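Structure first, commentary second.
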Amino acid sequence: MVPEERPDGQVAGEESTQLQAAGSSRKGCDHLAQMQRDPLQSRRARIHQQINKELRMRTGAENLYRATSNARVRETVALELSYVNSSLQLLKEELEGLDGNADAELPESDGITVPMIPLGLKETKQLDWATPLKELISEHFGEDSASYEAEVRELEDLRQATRTPSRSEAGLELLTAYYHQLCFLEARFATPARNLGPLFHWYDSLTGVPAQQRALAFEKGSVLFNIGALHTQMGARQDRSSPQGTSRAVEAFRRAAGVFSLLRENFSHAPSPDMSPGSLLVLEQLMTAQAQECVFEGLSLQPPAAPHTCLAQLHLAQEAAQVAAEYRLVHQAMAQPPVRDYVPFPWTTLVLVKAEYFRALAHYQAALALCDGPPAAEVELPALEQVFLGPPAPSEPRAPALPQEWEERRKLGKAHLKRAILGQEEALRLHAVCRALRRVDLLQVVLAQALQRSLAKYSELDLEDDFFEATEAPDIRPKTQQMPEGRAPSVSQVKVTDIFHRLGPLSVFSVKNRWRLAGPIHVARGEEGFGFTLRGDAPVLIAAVVPGGQAAAAGLKEGGYIVSVNGQPCRWWKHAEVVAQLKSVGDEGVTLQVATLLPSAEPGPGDHRPALGGLLRSQKECGWETPVPTRASPRPLLGWGRKAGRCKPGRRLSAAP
């Protein structure tokens, strides 16, 4: 493979080779996907940068054209503008071709279904976690940073694997596991006043333009974005020719919409266009519309309870009208600035094609209901009228009932078929306008088949002696039996363990807290024992020190946490384990090391002075095994506003044997 230069100067071929050496052995990682995406991402980024340059040149030329009155200068500027516009057109056509090929997903079935719009993953560069984390471990935690090389390497391998997740549940679990580790990192190492250290590089999924920030929230938001994007790819690949496949697709698109909604509500500082509030709103609406489309497909696969009834077919027409209405809203949102400047043109065209296609499909279903179904019973007429007109207003006269005579029904059905044919022809015309969509043969087959069905039905109803033009067919009222609202990502189902759990429980050993390490303190055994009382688990707290006892004489004070017993780290030991260890020592006594928390306003000399940013999730949601800090912290850029659980006090037992 010929290495291709990235916009930031990094060679894509070298980086892909490194991917094969790190992270590829993890479950859910597909390192071959990176080699396929790197060249495409680089080309898209380069084209977008050229487009931005041409736009700046055009703006400057237009300002000069308006500002000058010199005829020769205006002629020169007009010529330059024509060159710039030609270059812009060529660049946009090239980008349109790339967007049409990017992240193409076809359903895993032999059936003919309308293609969906999946979202490409955000790409990122390799990251050095070792330097900042080892520095914090050494300076703030007083630990030997060299002893944590295995943990740092595990974190780096996990991040490397998340760059190429497989399009499966295993890939989602891989991304979710890394997101949990970011929560742990933020809880243990980050502070509101100081960034963790690394510079996070991510490429925009829509434009390929790179963005970078030092905020850990940017990394977390990008990982969440990729979780949503992976859901869209999984939904687009489902076999929607079966009810099970449509159900899985609905769930995947709902999950994706939930992720984008979560980001839009919480990520306030967007460094890239794809994570701006406008883009996230469009993506949320797009995934909801695609889920609604899958709902319609699932209902059309199920045989109605009463086959060929007029009411059942009209309900299906309303479902199709609901899908068309959803896509109309998406198209309106895509047309708003500044989203329209970076949403791929094939997306905008495909959304409009689907809006026309499903509106035409609604009229086709209505025509079938009127022409093929038996006459409606008297009790069904009010429900049938609402399908077309909705409930009449009190001030308006009641609309006439649907025709019961076959001839009148045929004329009204023929009028609906006319609207269906016009809509399907418009969808085919829009499909032909977009060069990228013209290469999607499956979409053209779907549109052509729909038009042929409508024409065949129209010719069947078109009688030779029919000299009366039917009235204009009314619109179909959108309505659905299932509104697929977005669902929050199910990250709590993936349980992980903090990679840096050896540093101790987060309730004490985090950058948020200040503490003083005392010891080693040797405490001899007296006639009454050691002379102190313990309470709680992981870490065990010295609840009280007996005045005049052996512990008081050795300098032990209450309120400290025991972190080692005779040189053995015990930050995660339970109360019973510490007591058993103390009972097992002989008359020579025990050597303890104690960490005492300090108030934030009273730092002492030689104190470890970390500070902690807020926890974003509770223990239950993130699947943490460690207790959360007892004091609330300032809210970061990306926060969910959930209440964190508090550590319950342990038992109050004496350490004396």
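Taking 8 Å as the Cα distance limit and 6 or more residues as the minimum spacing, I'd like the relative contact order of segment 169-258 as a percentage.
Result for segment 169-258 is 22 percent.
For segment 456-554, a crude dipole built from +1 on the beta carbon of Lys and Arg and -1 on the beta carbon of Asp and Glu, taken about the Cα centre, is about 1920 debye to the nearest 20.
Given 53/122; 495/557; 418/479; 27/512, which pairs have Cα atoms separated by over 28 Å? Table pairs above 28 Å Cα-Cα are 495/557; 27/512. Scoring 415-423, 590-598 by mean Cβ neighbours within 10 Å over their residues and listing the highest first yields 415-423, 590-598.
Taken over segment 487-533, the ratio of Cα radius of gyration to 2.2 N^0.38 Å equals 2.03. Computed from backbone phi with θ = phi - 60° and the Karplus coefficients 6.51, -1.76 and 1.60, the 3J(HN,Hα) list for segment 519-529 is x, x, 10, 8, 10, 7, 8, x, 5, 9, x Hz; x is used for glycine and proline. Residue ranges 360-368, 262-270, 504-512 sort as 360-368, 504-512, 262-270 when ordered by packing (mean number of other C-beta atoms within 10 Å per residue, highest first). Note: relative contact order over segment 229-331, using C-alpha pairs below 8 Å and six or more positions apart, is 28 percent.
What residues have an amide H closer than 5 Å to that of residue 511, excluding those fewer than 5 places away on the same chain, when H is modeled at 1.01 Å from N in the peptide plane? So residue 511 has HN proximity to 189. Over all distinct Cα-Cα pairs of segment 105-239, the Kirkwood formula returns a hydrodynamic radius of 16.5 Å.
Here the Karplus relation 6.51 cos²θ - 1.76 cosθ + 1.60, evaluated at θ = phi - 60°, turns the backbone of segment 405-412 into coupling constants of 6, 5, 5, 5, 5, 4, 5, 5 Hz, with x for every Gly and Pro. Each residue of segment 359-372 was assigned a 3J(HN,Hα) from its phi angle through the Karplus curve 6.51 cos²θ - 1.76 cosθ + 1.60 (θ = phi - 60°); the sequence is 5, 5, 5, 4, 5, 5, 5, 5, 5, 4, 5, 6, 8, 9 Hz, with glycine and proline shown as x.
Report the local net charge at residue 273: Lys and Arg +1, Asp and Glu -1, summed over other residues whose C-beta lies under 10 Å from its C-beta. Once all neighbours under 10 Å are counted, the net charge is -3. Both the radius of gyration and Dmax for segment 284-365 are 14.5, 49 Å, in that order, over alpha-carbon atoms. Modelled label positions at residue 154 and residue 83, each set 7 Å beyond Cα in the direction of Cβ, lie 6.0 nm from each other. Counting Lys and Arg as +1 and Asp and Glu as -1 over every other residue whose Cβ lies under 10 Å from the Cβ of residue 478, the net charge comes to +1.
Here the Debye sum runs over all C-alpha atoms of segment 189-296 as equal scatterers in vacuum, and log10 of I(q)/I(0) at q = 0.14, 0.16, 0.19 Å⁻¹ comes out as -0.59, -0.72, -0.91.
The spacing between segment 507-576 and segment 56-91, judged by their C-alpha centroids, is 77 Å. Amide H to amide H distances under 5 Å link residue 598 with 514, 515, 516, where only residues 5 or more positions off or on other chains count and H is placed in the peptide plane. A crude spin-label estimate for the pair residue 449 and residue 495, with each label 7 Å from Cα along the Cβ direction, gives 4.6 nm.
Spherically averaged projected area of the convex hull of Cα atoms, segment 426-579: 21.3 nm².
Using a 10 Å cut-off on Cβ atoms, rank the peptides 160-168, 320-328, 67-75 from the highest mean neighbour count down.
320-328, 160-168, 67-75
In whole percents, the pair-distance distribution calculated for segment 178-228 from its alpha-carbon pairs, binned every 5 Å from zero, is 5, 19, 28, 26, 13, 7, 2. Computed over protein heavy atoms with a 1.4 angstrom probe, the accessible surface ordering of 186, 485, largest first, is 485, 186. In this structure, the amide hydrogen of residue 558, modeled 1.01 Å from its nitrogen in the peptide plane, lies closer than 5 angstrom to those of 545, counting only residues at least 5 positions away or on a different chain.
The values are calculated or read from the model by the stated rules, or taken from the named source; none is laboratory data. A quick note: this is a predicted structure, and the numbers were derived from the prediction, not measured. Virtual Cβ from ideal backbone geometry, glycine too; neighbours counted across all protein chains shown. The area values use the complete protein model at the heavy-atom level, side chains included, leaving out ligands, DNA and RNA. Shrake-Rupley method; radii C 1.70, N 1.55, O 1.52, S 1.80 Å.
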